[in-house]
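What follows is a set of notes on a single structure, which appears directly below.
The values are calculated or read from the model by the stated rules, or taken from the named source; none is laboratory data. Quantities reported herein were computed from a predicted structural model and do not represent experimental measurements. Heads up, the Cβs are rebuilt from the backbone with ideal geometry, glycines too, and the neighbour counts pull from every protein chain shown.
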Amino acid sequence: MLTELGHEVIVANVRQLRVEEPIEKAVMEIALEKPAFGQLRVANELTTRGLFVSPTGVRSVWLRHDLETFRKRLKALEAKAAQEHTILTEEQLRALERAREKRSPRRGSKPCILATWEPRTPITSAPSRA
């Protein structure tokens, strides 16, 4: 059984594992500003801004906010843009367009035709040349 003091120590240790609030906000901003960036690029971008977080720290923030995939970050960007009536940047529009192209079939592509299977005829030995 945990005593009250032991429980407080565990809770304090769990809180230490999280990134600081300003860093978490910055990670969330970049996730929507540049949804195509991966964990490493976001960590490097924050380093140039003077905020230090590891790529694993970026991922943990994304997981807490359900933004761990490119598709989820785009969905959140679309929702925020619709809610706040903001104008998207060129980079954001390109990312959205790229995702739409992946979802829909390509124009001019031919439909897939399945091959038919025909049984092989048994091979008989050829007559020997004598």
Exercise for the section: Determine if region 35-51 includes at least one residue that is β-branched (Val, Ile, Thr), loosely packed, with under 10 Cβ neighbours inside 10 Å and modelled with pLDDT of 90 or more. Expected result: yes
Completion exercise
Scanning region 60-83 residue by residue, the ones that are within 20 Å of residue 99 (Cβ to Cβ), out of contact with any Gly (no Cβ under 9 Å at 6 or more places or on another chain) and in a helix (DSSP H, G or I) total 14
Problem - Number of positions in region 21-59 that are over 23 Å from residue 86 (Cα atoms) and either assigned to a loop (DSSP other than H, G, I, E, B) or in contact with a Ser or Thr (Cβ under 9 Å, 6 or more places away or on another chain) (or both) - result: 9
Problem - Pair list, Cβ under 8 Å, 6 or more apart: region 67-96 residue within 14 Å of residue 28 (Cα to Cα), other residue modelled with pLDDT of 90 or more and among the basic types (Lys, Arg) - result: 67/73; 68/59
